Structures are given as structure tokens and as C-alpha cells.
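First up is the structure itself, then whatever we jot down about it.
The values are calculated or read from the model by the stated rules, or taken from the named source; none is laboratory data. Computed from a predicted model, the values in this text were never measured in an experiment. Please note: Cβ atoms are built from the backbone with ideal geometry, for glycine as well, and neighbour counts cover all protein chains shown.
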Amino acid sequence: MVITITGRSKLNVSSALEARIKNKLGKLSKFFGEDSELHVVLSKEKERNIVEATVYHKGMIFRAEESSFDMYSSIDKVSEILERQIRKNRTRLEKKLKESAFVPDYENDALYEVEEEKEYNIVKNKKLITKPMSLDEAVLQMNLLGHMFFLFNDEKNGNVNLVYKRRSGGYGLIEVN
């Protein structure tokens with residue numbers, strides 16, 4: 001697994017932080033092959049230390065974000081979140097992850113008992129008729145509805161796009177070609 005560590009907001013990544021990341025998040029390599037990538041972004045906002053980790057593996061993306069007052073505990077929590085995501089979706093992922101990823105480790109397996117989701121429980125189904133609109137109109141419509149995201153047809157090229165609110169503030173746009 002290739003690990004890339006980036007510091008944002010003029011945050012210098014010390015060798016101790018880098019070692020902790022490689023130690024904690026490097027353990028995820030037992031689930032993935034050599035061709036997978038792990039991107040870790042460290043940032044600081046006021047007194048909060050934020051760790052974002054994203055794993056790219058064979059077209060799948062695993063992502064976790066955690067913030068706390070201590071950067072080291074944020075790294076530990078992100079590692080736990082990613083491992084929990086993988087274990088929770090074990091049967092769906094077994095075909096795509098490394099074959100030896102889920103060999104039972106009886107000594108530590110009791111520590112990570114997570115109830116596996118058998119089926120996704122879809123509680124609501126909506127049909128949507130999208131109309132061509134600009135990005136500004138889509139953001140306005142999303143805010144008027146009080147939603148976190150909004151699907152729309154771009155009036156410029158007719159493609160389906162998705163605009164969403166980011167946790168850190170601002171908006172994001174996903175363009176589908």
C-alpha cells in the first residue's frame with residue numbers, strides 16, 4: 001500500500017506523526033494489495049486537529065474523517081473507523097479485497113466484533129424529474145429544500161450533476177460525464 005501524507009494549513013508533519021500514521025493506518029494493508037493507495041491529510045482549525053484518510057483500491061473508495069484536540073487520537077480513531085467499515089461490509093468486500101484479508105485472527109477478532117449488515121434497508125424511494133438549471137440555481141434550490149445535496153441537469157451541457165454541502169463549509173460539485 002502506498003501511503004501519501006499531506007499537511008494543510010501550514011501544518012508540518014513531524015516524523016513522529018508520520019511514524020504513527022504508517023504504524024496505525026499501515027495495518028490496513030492486510031485488507032488491500034500492493035496496488036492500493038492511502039492518502040492522509042492532516043489539518044488544524046483553531047484547536048481541532050483533523051485527520052482525513054482515503055483508501056483507493058480497485059475502483060472502491062474508503063474514507064474516514066475525525067477531529068479532536070489531539071492529532072494522535074484522531075489518527076487512532078480514523079484507523080478504527082476504516083477497519084470498522086471494512087469489517088461491517090465483509091461479505092460484499094471479500095471478492096474485491098485481498099483473499100487473505102479475512103483469515104481469522106482468533107486472538108484479536110473478539111476486539112473487532114461488528115454486526116455485519118445483511119441487507120441495506122432502503123426506507124424511502126423518490127422519483128425525480130430534473131430540469132436544466134445553473135449551478136447557482138441548484139445551490140439555491142438545495143438550500144430552500146433544506147437538503148445536504150441536490151441532483152440537477154446542467155443547463156450548459158445537459159449532464160446530470162450533483163451539488164452538496166461540505167462539512168467544513170462551502171459546497172462541492174460532482175459532474176457526471
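So that you can scan it fast, the table gives a plain yes or no per residue for (1) surrounded by fewer than 15 Cβ atoms within 10 Å (Cβ to Cβ); (2) farther than 16 Å from Ile81 by Cα; (3) of a type in the set (Val, Ile, Thr):
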{"site": "Leu17", "(1), (2), (3)": "no, yes, no"}
{"site": "Lys24", "(1), (2), (3)": "no, no, no"}
{"site": "Ser29", "(1), (2), (3)": "no, no, no"}
{"site": "Gly33", "(1), (2), (3)": "yes, yes, no"}
{"site": "Val40", "(1), (2), (3)": "no, no, yes"}
{"site": "Glu45", "(1), (2), (3)": "yes, yes, no"}
{"site": "Val51", "(1), (2), (3)": "no, no, yes"}
{"site": "Tyr56", "(1), (2), (3)": "no, no, no"}
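Looking only at residues in the stretch 20-33 that are free of Cβ contacts under 8 Å to residues at least 40 places away in the same chain and closer than 15 Å to Thr4 by Cβ, the one that is farthest from the chain's Cα centre (by Cα) is Lys22.
Of all residue pairs spaced 6 or more apart or on separate chains, those with beta-carbon atoms under 6 Å, a first member in the stretch 55-81 that is farther than 17 Å from Lys22 by Cβ and a second member that is surrounded by fewer than 19 Cβ atoms within 10 Å (Cβ to Cβ) and not charged (D, E, K, R) are Phe62/Gln85; Arg63/Thr54.
If I filter the stretch 105-127 for residues that are among the aromatic types (Phe, Trp, Tyr), closer than 22 Å to Glu34 by Cα and either at pLDDT below 60 or part of a strand (DSSP E or B) (or both), do I get at least one hit?
Our first condition is that a residue be among the aromatic types (Phe, Trp, Tyr); within the stretch 105-127, this holds for 106, 112, 120.
Okay, now just the ones that are also closer than 22 Å to Glu34 by Cα, so none.
Within the stretch 105-127, not a single residue is among the aromatic types (Phe, Trp, Tyr), closer than 22 Å to Glu34 by Cα and either at pLDDT below 60 or part of a strand (DSSP E or B) (or both).
Scanning the stretch 149-167 for residues that are in contact with a strand residue (DSSP E or B) (Cβ under 8 Å, 6 or more places away or on another chain) and exposed (fewer than 11 other Cβ atoms within 10 Å of the Cβ) yields Gly158, Arg166, Arg167.
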